[in-house]
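Chemist: Here it is: the structure, laid out below.
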2 protein chains.
Amino acid sequence: MTKFDEATQAIRVDENTYDVCIDPGYAIGGPLNGGYLMAVILRAAVDASPFEHPVSQTAQFLRSAAPGPAQVRIEPLKAGRTVAFARATLVQDGVPQIEGLITTATLHDVEPVHAGEAAHPMPPLEECVKLPDPKPDSGMTLNAQMELLFDPPTIGWLKGEPTGRPESRAYFRMAEPQDPDPYVLALAVDALPPVVFSAGARGWAPTVDLTWHLRALPAPGPLTLLGGGRLISDGWFDEEVEVRDSTGRLVAQSRQLARVGRG
Amino acid sequence: MTKFDEATQAIRVDENTYDVCIDPGYAIGGPLNGGYLMAVILRAAVDASPFEHPVSQTAQFLRSAAPGPAQVRIEPLKAGRTVAFARATLVQDGVPQIEGLITTATLHDVEPVHAGEAAHPMPPLEECVKLPDPKPDSGMTLNAQMELLFDPPTIGWLKGEPTGRPESRAYFRMAEPQDPDPYVLALAVDALPPVVFSAGARGWAPTVDLTWHLRALPAPGPLTLLGGGRLISDGWFDEEVEVRDSTGRLVAQSRQLARVGRG
């Protein structure tokens, strides 16, 4: 069991309640990473489902969950022959932190009928670059859990050279070797720096809601995260992330609605 | 009040319950159009919210609601200074039909900081074409509520010439003149024929879940619906619709996960 598996563990305490322990190792400054919290919720929801794979997860980020004990409450909504639907809420000290809907099914390893091109080509891995290590007192503990190697122009904002477009692209793998699975994908879809940094924005960009779809089970090896956005307006932006596995297959698609930071 | 406004009316009966009446005029064969049902739910959710605009709506389609009386049950989850979150469930005869999460806020009419290009260019309106009228006994009552003028290649499948890619693009307006608003947009994001028809699939393609975001309030005039998809595999497909208003502004973005029809 990897550290990530442990940090996302959900222990059933009754038919619809799971005990979890929010790990401080997934913080982005003060708050915890939303993708990590989605992975925690997903563990409980998949355990409670008659199906194996979370084909869809929506999360509304009501509040900022803190490290420590919490519960995931599952409300099964309907289970059919192909698909099951459930509500899943992350609760801490009796207060809902994240509200969610999860759809589960069973995916099979088959050849796609149609597979579009990747959202954006990536340069080879050896031309990609890491972010500098965060300052020890920055509270950016998330960075130590994963390795991101960026398409260089998409982190030009670090040296004051944003591309002017919302974009962020990187190869991704867990720091502790682990084959990607749906829980790693939940982390991956929210692992990039906000795409608006590349358009010149700064500051914490809180996710309001996020929906992602699992499209296929990922092959072992590094993932590719292709992040972009269509519109930055009125303090709001959308961030879409397409995740490809090491064979180039589309394995996950996400869109989040978030607030532009105040710098 | 237009027929669509009437068909989506939600009457508050207590703090968290609204009476609605599902109109048979929005059917696609047997089932009712999902976008219409989302608009009904949205009426109740926006009425119950402290904010004016539904910036995000997720719907899980548990069952096929039937024409006739139903209720929308609202559970307010959190209201902050900028955003409010709620759960909204469409219930008929005591049985949940659609489960949903809705995020509301107030959008302002401002110039975007960044606005990407449209997903795909459209030919001029006069080069676009209608679908043939449905057979009177087909139960396709939805078609009479709206006018869709298609980018011709994207309905080539009608004469056995699919483009081979998941795509569907059309100009959209209500048959009864009405300026587009968020409720019309909820209908619009699910108004195109399934994008998989253009990739050679046939038959009813049931939506499993759909999330859409309202990005700006639409200007009067026809909308443009740009539909596509990334992957058709294992009986599943994604359909993304980008909605532009008559000024070209991005006003809505949706993604649905659906099942390929067997037809």
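The values are calculated or read from the model by the stated rules, or taken from the named source; none is laboratory data. Keep in mind that what you see is a predicted model, and the values were worked out from it rather than measured. Because the Cβ atoms are built from the backbone with ideal geometry, glycine has one as well, and the counts that use them run over all protein chains shown. Protein only, heavy atoms only, side chains kept; ligands, DNA and RNA dropped before computing areas. Shrake-Rupley method; radii C 1.70, N 1.55, O 1.52, S 1.80 Å.
Chemist: Just to be sure, is A:ARG230 open to solvent by 10 Å² or more (accessible area, probe 1.4 Å), under 29 Å from B:ALA86 (Cβ atoms) and facing another protein chain (nearest Cβ under 9 Å)?
Modeler: The answer is yes for A:ARG230.
Chemist: Does any residue of region A:157-164 turn out to be open to solvent by less than 10 Å² (accessible area, probe 1.4 Å), among the hydrophobic types (A, V, I, L, M, F, W, C) and more than 14 Å from every other protein chain (Cβ to nearest Cβ)?
Modeler: Within region A:157-164, not a single residue is open to solvent by less than 10 Å² (accessible area, probe 1.4 Å), among the hydrophobic types (A, V, I, L, M, F, W, C) and more than 14 Å from every other protein chain (Cβ to nearest Cβ).
Chemist: Got a number for residues in region A:243-263 being within 7 Å of chain B (Cβ to nearest Cβ) and either open to solvent by 10 Å² or more (accessible area, probe 1.4 Å) or in contact with a Lys or Arg (Cβ under 8 Å, 6 or more places away or on another chain) (or both)?
Modeler: 3
Chemist: Name the one entry in B:HIS108, B:HIS120, B:HIS114 that is within 14 Å of another protein chain (Cβ to nearest Cβ), over 30 Å from B:ILE232 (Cβ atoms) and surrounded by fewer than 16 Cβ atoms within 10 Å (Cβ to Cβ).
Modeler: The unique qualifying residue is B:HIS108.
Chemist: Quick check: anything in region B:214-223 in a strand (DSSP E or B), touching a residue at least 24 places away in the same chain (Cβ under 8 Å) and away from every other protein chain (no Cβ under 11 Å)?
Modeler: yes
Chemist: What's the total number of residues in region A:122-139 that are assigned to a helix (DSSP H, G or I) and in contact (Cβ under 8 Å) with a residue 24 or more places away in the chain? Step through it out loud before you land on a result.
Modeler: Residues of region A:122-139 assigned to a helix (DSSP H, G or I): A:125-127, A:136-138.
Applying the additional criterion that residues be in contact (Cβ under 8 Å) with a residue 24 or more places away in the chain yields A:125, A:127, A:138.
Of the residues in region A:122-139, 3 are assigned to a helix (DSSP H, G or I) and in contact (Cβ under 8 Å) with a residue 24 or more places away in the chain.
Chemist: Return the total of residues in region A:123-156 being surrounded by fewer than 12 Cβ atoms within 10 Å (Cβ to Cβ) and either among the aromatic types (Phe, Trp, Tyr) or farther than 30 Å from A:ILE22 by Cα (or both).
Modeler: Matching residues across region A:123-156 total 4.
Chemist: Any idea how many residues of region A:198-217 are touching a Gly at 6+ places or on another chain (Cβ under 9 Å) and open to solvent by 10 Å² or more (accessible area, probe 1.4 Å)?
Modeler: Residues flagged as touching a Gly at 6+ places or on another chain (Cβ under 9 Å) and open to solvent by 10 Å² or more (accessible area, probe 1.4 Å) within region A:198-217 amount to 9.
Chemist: Related question: Could you say which residue among B:GLY94, B:GLY80 is without any contact (Cβ under 8 Å) to a residue 40 or more places away in the chain, under 30 Å from A:ALA79 (Cβ atoms) and not polar (S, T, N, Q)?
Modeler: The conditions single out B:GLY94.
Chemist: Further question on the same structure: Please determine, by comparing only the residues of region A:76-92 that are farther than 17 Å from A:ILE41 by Cβ and surrounded by fewer than 21 Cβ atoms within 10 Å (Cβ to Cβ), which one is nearest to the other protein chains (Cβ to nearest Cβ).
Modeler: Of everything passing the filter in region A:76-92, A:LYS78 is nearest to the other protein chains (Cβ to nearest Cβ).
Chemist: Follow-up. Just the residues that are open to solvent by less than 70 Å² (accessible area, probe 1.4 Å) and within 11 Å of chain A (Cβ to nearest Cβ), please, taken from region B:60-74.
Modeler: Our first condition is that a residue be open to solvent by less than 70 Å² (accessible area, probe 1.4 Å); within region B:60-74, this holds for B:60-62, B:65-66, B:68, B:70-72, B:74.
Of everything in region B:60-74, those that are open to solvent by less than 70 Å² (accessible area, probe 1.4 Å) and within 11 Å of chain A (Cβ to nearest Cβ) turn out to be B:GLN60, B:PHE61, B:LEU62.
Chemist: While we're on this one: Go through (1) under 16 Å from the mean Cα position of the chain (by Cα); (2) in contact (Cβ under 8 Å) with a residue 60 or more places away in the chain; (3) within 14 Å of chain B (Cβ to nearest Cβ) and name the single condition A:ALA39 misses.
Modeler: Every condition holds for A:ALA39 apart from (3).
Chemist: Report the residue count in region B:16-32 for those that are acidic (Asp, Glu) and buried (at least 17 other Cβ atoms within 10 Å of the Cβ).
Modeler: 1
Chemist: Kindly indicate whether B:PRO220 is buried (at least 24 other Cβ atoms within 10 Å of the Cβ) and more than 26 Å from A:LEU101 (Cβ to Cβ).
Modeler: Judged against the criteria, B:PRO220 is not a match.
Chemist: Restricting attention to region B:3-34, which residues are farther than 22 Å from B:LEU62 by Cβ, within 18 Å of the chain's Cα centre (by Cα) and part of a loop (DSSP other than H, G, I, E, B)?
Modeler: B:GLN9
Chemist: Which number in (1) at negative phi; (2) more than 8 Å from chain B (Cβ to nearest Cβ); (3) open to solvent by 20 Å² or more (accessible area, probe 1.4 Å) marks the one condition that A:ALA186 misses?
Modeler: Of (1) at negative phi; (2) more than 8 Å from chain B (Cβ to nearest Cβ); (3) open to solvent by 20 Å² or more (accessible area, probe 1.4 Å), only one is false for A:ALA186: (3).
Chemist: Here's a follow-up. Failed condition for B:ALA201, given (1) within 14 Å of another protein chain (Cβ to nearest Cβ); (2) closer than 25 Å to A:GLU240 by Cα; (3) among the aliphatic types (A, V, I, L, M), with all others met?
Modeler: (2)
Chemist: Sort out which residues of region B:33-48 are surrounded by 22 or more Cβ atoms within 10 Å (Cβ to Cβ) and touching a Leu at 6+ places or on another chain (Cβ under 8 Å), and write them in order of number.
Modeler: B:GLY34, B:GLY35, B:TYR36, B:LEU37, B:MET38, B:ALA39, B:VAL40, B:ILE41
Chemist: Additional query: Scan region B:156-171 and tell me whether some residue there is among the hydrophobic types (A, V, I, L, M, F, W, C) and either free of Cβ contacts under 8 Å to residues at least 24 places away in the same chain or out of contact with any strand residue (DSSP E or B) (no Cβ under 9 Å at 6 or more places or on another chain) (or both).
Modeler: Within region B:156-171, the subset among the hydrophobic types (A, V, I, L, M, F, W, C) is B:157-158, B:170.
Filter again for either free of Cβ contacts under 8 Å to residues at least 24 places away in the same chain or out of contact with any strand residue (DSSP E or B) (no Cβ under 9 Å at 6 or more places or on another chain) (or both), leaving B:157-158.
Checking region B:156-171: at least one residue is among the hydrophobic types (A, V, I, L, M, F, W, C) and either free of Cβ contacts under 8 Å to residues at least 24 places away in the same chain or out of contact with any strand residue (DSSP E or B) (no Cβ under 9 Å at 6 or more places or on another chain) (or both).
Chemist: Next question. Kindly evaluate A:LEU101 against the criterion of being crowded, with 18+ Cβ neighbours inside 10 Å, in a loop (DSSP other than H, G, I, E, B) and within 7 Å of chain B (Cβ to nearest Cβ).
Modeler: Working: crowded, with 18+ Cβ neighbours inside 10 Å: yes; in a loop (DSSP other than H, G, I, E, B): no; within 7 Å of chain B (Cβ to nearest Cβ): yes.
Judged against the criteria, A:LEU101 is not a match.
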